[in-house]
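The values are calculated or read from the model by the stated rules, or taken from the named source; none is laboratory data. Here the structure is a predicted model, which means the values were calculated and not measured. Here Cβ is always computed from backbone atoms with ideal geometry, including for glycine, and neighbour counts include all displayed protein chains. We work out accessible area using only protein heavy atoms, side chains counted, and drop any ligands, DNA or RNA first. Shrake-Rupley method; radii C 1.70, N 1.55, O 1.52, S 1.80 Å.
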Amino acid sequence: MDQLAKAFIVASYTFRDLLRSKILWNAALVGFGLALVSFIAGEFTFGVPARVATDLGLAALSLSGYGLSFFAAISLIRQEEESRTIYLIISRPIARSVFLLGKLAGVAAFLALNYALILAFILGALAIFGSSLGPTGWAAVALSFVELLLLLVLLVLVSLVANRALTIIAGLVILVGGHALGETRQLSFVKNLPWLDKTVAIFDVVFPSLHRLNLKDHVLYEVSVPGSAVAAALAYALCYGLAALCLAGYLIERKDFD
């Protein structure tokens, strides 16, 4: 319980620090851009302005979250190390893994706030067109946020063993590769070669398959998604995220900050 209280203190400090950085203004900028584009969509797209607004809104949610995840993850531990405050922290009676958990929780709370603000703009834009998010839309929103949390944990894990440049490169590989795997498995060229299809299938399990959490196409084409598929995607993200989090905790406990 004492360690959990310390993790909460670290999380609250991290959250307030991010609020003071004024990064949250990106939500207002994204919301303004979304409102402007939605207005243009209403003027020039006949019959489907709500669909355009939904597609752009979900894309804005993801892109804003990706940017914040990269920014926060890269500086999460590195900034503390460069300012040498990490030495004061690890000298206190708090486990390094607990400190990392608190930092991640603070960033996750900030991501949730940013996500909620942009989502409010999306719902407002849809209301203008007399539309709303259906069950598939809400499932897409939830899984998109889960994807951001998984990406955050993976980026922090990489940042513990790599510098900023390598972390950014690895993050882009994870992001692009994780979404491309789904399309790759559908290629006729891959399906016609059993050994290649099996290799890609194995890689799809080992590599973070972010495409499993992407329902944007289903929302755009109004295709319903079974609840079991959503539950399976959540279970996958939870298991993969917990494994990455445990590995990150192991690494930070043994990391030499000298």
Checklist entry - Under 12 Å from the 7 Å Cα→Cβ point of LEU247, by amide nitrogen: which residues of the stretch 176-208? => result 206-208
Item to check | Computed helical MRE - 222 nm, the chain, DSSP H runs ≥ 4 contributing -39500 (n - 2.57), nearest 500 | outcome: -27000 deg cm²/dmol
Item to check | Cα extents of the chain along the three principal axes, largest first (Å) | outcome: 63, 50, 35
Checklist entry - Nearest 20 debye, what's the magnitude of the dipole of the chain about its Cα centre given +1 on Lys and Arg Cβ and -1 on Asp and Glu Cβ? => result 400
Checklist entry - Could the peptides 136-143, 157-164, 186-193 be put in order, highest first, of the mean number of other beta-carbon atoms found within 10 Å of their residues? => result 136-143, 157-164, 186-193
Item to check | Accessible surface, per residue, of the stretch 120-185 when the full set of protein chains is kept, probe 1.4 Å, Å² | outcome: 42
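Counting only pairs 8 or more residues apart or on different chains, how many lysine pairs in the chain have their Cα atoms under 26 Å apart?
Details: LYS6/LYS22; LYS6/LYS103; LYS6/LYS255; LYS22/LYS103; LYS103/LYS255; LYS191/LYS216.
The number of close lysine pairs in the chain is 6.
So, with a 1.4 angstrom probe, what is the percent of accessible area on the chain that is carbon and sulfur?
Numbers: 9640 of 13650 Å².
Exposed carbon and sulfur together represent 71 percent of the surface.
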Next on the checklist: Show me the helices of the chain, taken as full DSSP H stretches, that run 20 Å or more along their long axis by Cα and average 1.0 or above in Kyte-Doolittle hydropathy.
Outcome noted: 25-44, 49-76, 96-128, 135-159, 164-185, 227-254
